[in-house]
Amino acid sequence: MAHAYELSGPRSIGKRTVAIRLAQTLLCTAEPPAAGGCGACLACRKVDHFTHPDVRLVTRLIDLEKDSDKKLIAIEQIREMQQDLALRPLEGRWRVVIIDDAADLSEHAEVALLKTLEEPPIHAVLLLLTPTPARLLETIRSRLVPLPLRLVPTAEIADGLNKRFGAEARRHAAASAGRPGVAIALASDEATRKARRSLESEFYRLVGSGLTDRFAWAVDLAESERDPQKRNDAIESRLGGWSELARDAAVAAHGAERALRPERARESAALAKSVGQRELVDLALSLDRWRRDVIESNVNARMLLELLVLRLPYAAALAGTAA
């Protein structure tokens, strides 16, 4: 058993769920031991609710509206973690720390964490979660066992949702683009579905708008959030969803019917009639590439959004599209 792991992958792919299952595997009291934990014993239930004394979750807890200077995981949080790890486990055989998102570590917190990774206590297991592993110090990454999580096939997500959500499972699975967390949110939360529809309508409005309105939109979004991470999350969610909409339009232009968003068939058809298939494919690929840039590097949000509005095709048929 290694002492430190890097769980990476897109947002809502299930990194925290996997981390919880790993912690349950280590602390489960069922006999015989079950991979992923039995889920039923007291230890597994405590881990699931983060009430187990041998499990610590380290994450950003600061309300940025009240204290905009404390945007990151602070060194004090890492020192508290180190104090925990210096003690023997209280109920199990291991002490497990889950750091989510590890890319939020402040510079001083990274240095402090590195010391723990260099000489980890014998009973310690650290699980560092992040969608942006490239933002971690290389000296930290070199001491972690990588556990990359990949996008999940739509059929597998649908199977997982089917018992709970029935006939709607397949539609939400398709709309999740391989991310189980997104599928669950879409299936169970009307607010999430409403937000998704709003972002889709925003795309079609921009495609049907002139440059003046597009640039005004870019400025508003770039300046709407003072926390860079929240702003980048807002941009990433748009780029990912819009890449799927461009892909659907390209599919419609080809005459196929395997749409990720079948409820947007009318808009996809209108966009397909106005823009060539090759241009739509290129747009989908560009949007997905820019999404990865937002995740993996420090992009200039304003410049990226201005490039985006210049790159979007124009479809007069979508002018004035409503939410």
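The values are calculated or read from the model by the stated rules, or taken from the named source; none is laboratory data. What you see is a predicted model; the values in this text were computed from it and never measured. Heads up, the Cβs are rebuilt from the backbone with ideal geometry, glycines too, and the neighbour counts pull from every protein chain shown.
Tabulated results
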quantity: Any hit, region 226-240, residues being surrounded by fewer than 17 Cβ atoms within 10 Å (Cβ to Cβ), assigned by TED's automatic domain parsing to the domain that holds Arg261 and β-branched (Val, Ile, Thr); calculated: no
quantity: Single residue of region 11-38 satisfying the filter (part of a loop (DSSP other than H, G, I, E, B) and surrounded by 15 or more Cβ atoms within 10 Å (Cβ to Cβ)) that is modelled with the highest pLDDT; calculated: Cys28
quantity: Matching residues in region 77-105 - criterion: being of a type in the set (Lys, Arg) and in a strand (DSSP E or B); calculated: Arg95
quantity: Residue among Leu147, Leu126 that is at pLDDT 95 or above and surrounded by fewer than 20 Cβ atoms within 10 Å (Cβ to Cβ); calculated: Leu147
quantity: Residue pairs meeting the criteria (Cβ under 8 Å; at least 6 apart or on separate chains; first closer than 11 Å to Ala183 by Cβ, in region 150-161; second among the aliphatic types (A, V, I, L, M) and outside any helix (DSSP H, G or I)); calculated: Val152/Ile13
quantity: Matching option when the condition is touching an Asp or Glu at 6+ places or on another chain (Cβ under 9 Å) and either without any contact (Cβ under 8 Å) to a residue 12 or more places away in the chain or small (Gly, Ala, Ser) (or both), among Ala187, Ala191, Ala183; calculated: Ala187
quantity: Subset of region 92-115 (residues that are crowded, with 20+ Cβ neighbours inside 10 Å and among the β-branched types (Val, Ile, Thr)); calculated: Val96, Val97, Ile98, Ile99
quantity: Residue in region 105-117 that is within 20 Å of Ser297 (Cα to Cα), of a type in the set (Ser, Thr, Tyr), assigned by TED's automatic domain parsing to the domain that holds Arg143 and touching a strand residue (DSSP E or B) at 6+ places or on another chain (Cβ under 8 Å) present; calculated: yes
quantity: Among the candidates Arg56, Arg95, residue that is within 29 Å of Asp227 (Cβ to Cβ), touching a strand residue (DSSP E or B) at 6+ places or on another chain (Cβ under 7 Å) and at pLDDT 95 or above; calculated: Arg56
quantity: Hits in region 204-233 - residues which are closer than 22 Å to Asp104 by Cβ and polar (S, T, N, Q); calculated: Ser224, Gln229, Asn232
quantity: Number of positions in region 276-293 that are closer than 15 Å to Leu310 by Cβ and out of contact with any Leu (no Cβ under 6 Å at 6 or more places or on another chain); calculated: 4
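Yes/no matrix, rows are residues, columns are (1) at pLDDT 90 or above; (2) crowded, with 18+ Cβ neighbours inside 10 Å; (3) more than 25 Å from Leu318 (Cβ to Cβ):
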site: Ala158; (1), (2), (3): yes, yes, yes
site: Arg164; (1), (2), (3): no, no, yes
site: Ala173; (1), (2), (3): no, yes, yes
site: Ala177; (1), (2), (3): no, yes, no
site: Ile184; (1), (2), (3): yes, yes, yes
site: Ala191; (1), (2), (3): yes, no, yes
site: Leu211; (1), (2), (3): yes, no, no
site: Phe215; (1), (2), (3): yes, no, no
site: Ala218; (1), (2), (3): yes, yes, no
